[in-house]
Amino acid sequence: MRTEPEPELVAALTRALTAEADEITVSPDARASLQARLDTERRRSSTRGRAGRRPSRARPRWLGPMAALVALGLVVVGLFVVTTSSLHRTATPGPAQSPSAVPTPGPTPGPTSAGSGRTASTRTGFRPSQPRVAWTVYRAGPDGLYADAAPARAPYDPVQAMEALFQQDPTVPGAEVVPGNGRNRVASLTDVDGVVHLDMAAVDDQTRPVGTEGAAQARRWVDAWVGTAASAFDGYKVLITVNGRPATLYGVVDTTEPLLEPLLGPTVELKHPATVYFPADAATVTSPVALAAMPGAVGDRLVVRDVADGEVVASVTADEGGGGRTILTSAPALDPGDYTVELVRRSGRTEAGHRFTVSGSAPSGARVPVTDPATTPVATTLIYYPGPDQHLLAEPRPRTTLTDAVAGISGEPAGEGASWPFGSLTLASVREDADGVVVDYAKDDEVRPGKPDTAVAAFWAQSLVHTVSAYEGRPTAVRVTLDGRAFRLFGLLDTTRPFTRRDVDTRTSVDLTLPTSVPTPGPLQVVGAVGADADHVTWYVVDRITRETLFQGNAAVAADRTYAFALPVPAGRYELRADAVTATGRVLASYGRSPEIT
């Protein structure tokens with residue numbers, strides 16, 4: 001998406017908000033900070049695939065400049081709303097397994113016909129299903145929040161994360177041991193309609209921070225509650241009650257209204273000290289062994305060695321998908337014996353290490369994933385958006401009606417680098433006539449991505465013409481009207497005559513177009529595009545709480561480098577990952593979404 005601040009959009013937002021609240025002032029610094037956070041998140045969502053991490057908060061890729069401006073306005077008036085879509089948020093560590101580790105061949109389904117929307121999968125195995133290894137726990141420190149981790153165990157109840165926060169001392173250096181923390185007892189932790197509800201059975205009502213920094217310290221303690229609870233559900237808003245009623249925590253923090261996850265605010269700094277979380281030094285554990293560590297940078301590795309011969313028996317690498325700031329986790333099966341686990345920096349220096357003993361094996365509790373379930377092919381068309389350097393960026397979408405295709409260019413693109421100048425136009429109707437297609441708009445809010453000249457406006461118009469032509473399967477002229485009459489499109493282009501298709505450079509956005517965070521009812525539609533070197537797509541549907549793979553299969557790549565299929569999925573909240581795979585089985589990139597099926 002376009003990322004540069006647009007003065008016209010800022011001004012339009014300011015006027016709109018002022019109509020509702022005279023006291024609203026849009027801070028350019030605040031907008032820039034929010035925009036930077038959203039841009040970073042987008043990059044992590046798209047690059048996470050190259051790492052194969054769960055794209056846990058898919059923010060992802062779904063917030064462009066318009067959404068960023070609206071989000072800022074809502075923050076200003078206290079109604080900031082973020083739609084969950086993708087996968088790990090910026091600066092929010094969470095469990096993930098990097099494909100930098102060598103994939104272990106898993107169950108391989110038999111051949112299927114390409115006509116079913118899948119390719120024969122005998123060329124490569126699936127990555128094995130791995131349940132959740134760790135919960136992300138935020139710890140208060142003297143200068144911010146510190147990322148910590150706690151082991152996850154079956155049954156995977158998010159309450160485990162809160163219990164670790166209250167009942168266990170920090171494993172991360174620099175974090176505070178909060179006095180009286182053990183008196184905090186959790187009754188339940190649930191997620192209802194996008195709000196995480198933390199109900200406490202008892203809270204520490206005796207400890208009161210004192211001094212000039214007392215109130216700030218109390219807020220950091222509660223920020224750790226909110227961040228930990230939100231992370232368990234990939235949420236951002238947490239309602240805290242005590243036996244079902246609001247409270248004032250530590251005599252400072254009122255919980256009458258839901259609290260925003262602290263990382264969304266501009267004042268909370270998150271620390272990522274490089275460390276091995278677990279297994280603890282001198283611990284005796286069973287196989288498979290839960291491993292978790294925080295890397296210091298991209299390229300750092302979590303390495304397990306057999307003490308007897310010094311051989312590396314397991315390894316996972318911090319990659320671009322996590323920005324070097326995502327908790328590394330793995331659960332290798334190890335024979336009984338003594339091992340060391342070390343955090344090895346990219347330079348080769350060992351940062352931290354623990355020695356542990358494996359006493360035997362225990363059932364992992366992982367469910368066997370459903371391999372290659374029945375999918376149905378989905379017909380697609382291409383929606384074109386203006387991109388940088390006078391390129392049109394094409395995104396595949398399900399082929400339904402011409403009206404839906406035209407409406408698509410008014411919506412936000414799924415990929416990065418594109419703009420949607422037709423977003424300010426409200427579509428009224430689309431019809432075909434003897435000369436081509438007539439697109440009539442009901443109104444124009446006149447909000448543009450920048451100040452175009454005539455040449456740029458003409459280029460923008462080609463996104464409409466190319467979209468219509470792609471649907472029709474031939475070059476098609478498009479006449480544009482406003483309330484049935486000719487007008488100046490984008491304030492510059494005369495629409496008396498139809499726009500005809502002209503050759504411009506085009507590219508297909510390599511990304512997942514669907515599903516959205518809340519898909520339409522019915523089978524889950526998965527639509528996307530891959531690069532030239534990909535032979536097929538291997539996809540996974542993952543439980544968002546347990547991190548187990550529930551369904552997995554392969555999808556064929558069409559001649560135009562797109563893929564599309566529909567998958568029946570029960571109601572629930574999932575993560576979807578699609579891997580672009582070569583004919584030899586090498587994963588080129590991964591793309592993710594976090595759909596909620598109702």
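The values are calculated or read from the model by the stated rules, or taken from the named source; none is laboratory data. Note that the coordinates shown come from a computational prediction; the quantities given were computed from them, not determined experimentally. Glycine also receives a Cβ, built like all others from the backbone with ideal geometry; neighbour counts cover every protein chain displayed. Ligands, DNA and RNA are stripped out before the accessible areas are found, and what is left, the full protein with its side chains, is counted by its heavy atoms. Shrake-Rupley method; radii C 1.70, N 1.55, O 1.52, S 1.80 Å.
For residue 560 and residue 442 in one chain, what is 0.36 nm times their gap in residues minus the Cα-Cα distance, to one decimal in nm?
Gain on extension, residue 560 to residue 442, equals 39.1 nm.
When nucleic acids and ligands are ignored and a 1.4 Å probe is applied, residue 500 ends up with an accessible area of around 90 Å².
How big is the convex hull of the Cα atoms of region 343-468, per residue, in Å³? Kindly include the intermediate steps, with their values, before the conclusion.
Values: hull volume 32.2 nm³, N = 126.
In region 343-468, the Cα convex hull volume per residue is 256 Å³.
The residue list 214, 233, 201 was ranked by how far each Cα lies along the charge dipole of region 173-245 toward its positive end, using unit charges on Cβ atoms, and 214 comes out on top. Within the straight-line cut-off of under 24 Å between alpha carbons, the lysines reachable from residue 443 are 451, sequence neighbours fewer than 8 places apart in one chain being disregarded.
The alpha-carbon atoms of region 202-297 define a convex hull whose volume equals 189 cubic angstrom per residue. Accessible surface ranking for 133, 510, 285, 1.4 angstrom probe, highest first: 510, 285, 133.
What do you reckon, how do 204, 193, 533 stack up by accessible area (1.4 Å probe), largest on top? List each step's numbers first, then the result.
Numbers: 204 5, 193 150, 533 120 Å².
Largest to smallest exposure gives the sequence 193, 533, 204.
Give me the extension gain from residue 269 to residue 518: residue separation times 0.36 nm, minus the current Cα-Cα distance, reported in nm with one decimal. Don't jump to the answer; show the numbers that get you there.
Working: separation 249, 0.36 × 249 = 89.64 nm, distance 3.09 nm.
Full extension from residue 269 to residue 518 adds 86.5 nm.
Residue 170 sits among other residues whose Cβ lies under 12 Å from its own Cβ, and their net charge, with Lys and Arg +1 and Asp and Glu -1, is -1. Among the GluC sites (Glu not before Pro) found in region 133-233, those both in a DSSP coil and sparsely packed, with 12 or fewer other Cβ atoms within 10 Å of their Cβ, are 213. For residue 190 and residue 252, a Förster radius of 22 Å and the Cβ-Cβ distance give a FRET efficiency of 0.30, rounded to the nearest 0.05. Taking R0 as 51 Å, what FRET efficiency do you get between residue 346 and residue 376 from their Cβ-Cβ distance, rounded to the nearest 0.05? Computed FRET efficiency for residue 346 and residue 376: 0.70.
Please give, to one decimal in nm, the separation of the simple spin-label points placed at residue 500 and residue 309, each 7 Å out from Cα toward the Cβ. With each label placed 7 Å out from Cα toward Cβ, I get 7.4 nm. Each Lys or Arg adds one and each Asp or Glu takes one away; over the other residues whose Cβ falls under 13 Å from the Cβ of residue 312, this sums to -2. Residue 248 sits with roughly 80 Å² accessible to a 1.4 Å probe, with DNA, RNA and ligands left out of the calculation. Inter-label distance, residue 404 to residue 153: 4.8 nm, where each label sits 7 Å from its Cα along the C-beta direction. Taking all protein chains together and rolling a 1.4 Å probe, residue 540 ends up with roughly 10 Å² accessible.
For region 492-598, count the residues as N, evaluate 2.2 N^0.38 Å, and divide the Cα radius of gyration by that value, please. Please list the in-between numbers first.
Working: Rg = 17.2 Å, N = 107, 2.2 N^0.38 = 13.0 Å.
So region 492-598 has a normalised radius of gyration of 1.33.
Projected label points at residue 335 and residue 357, each 7 Å from Cα along the beta carbon direction, are separated by 1.8 nanometres. A straight chain from residue 582 to residue 297 at 0.36 nm per residue would run longer than the Cα-Cα distance by 99.8 nm.
Per-residue Karplus couplings for region 534-549, computed as 6.51 cos²θ - 1.76 cosθ + 1.60 with θ equal to phi - 60°, are listed in order as 7, 8, 7, 10, 9, 10, 9, 10, 10, 5, 6, 8, 7, 6, 7, 7 Hz, Gly and Pro entered as x. Taking the centroid of alpha carbons for each part, region 170-202 and region 324-401 are 28 Å apart.
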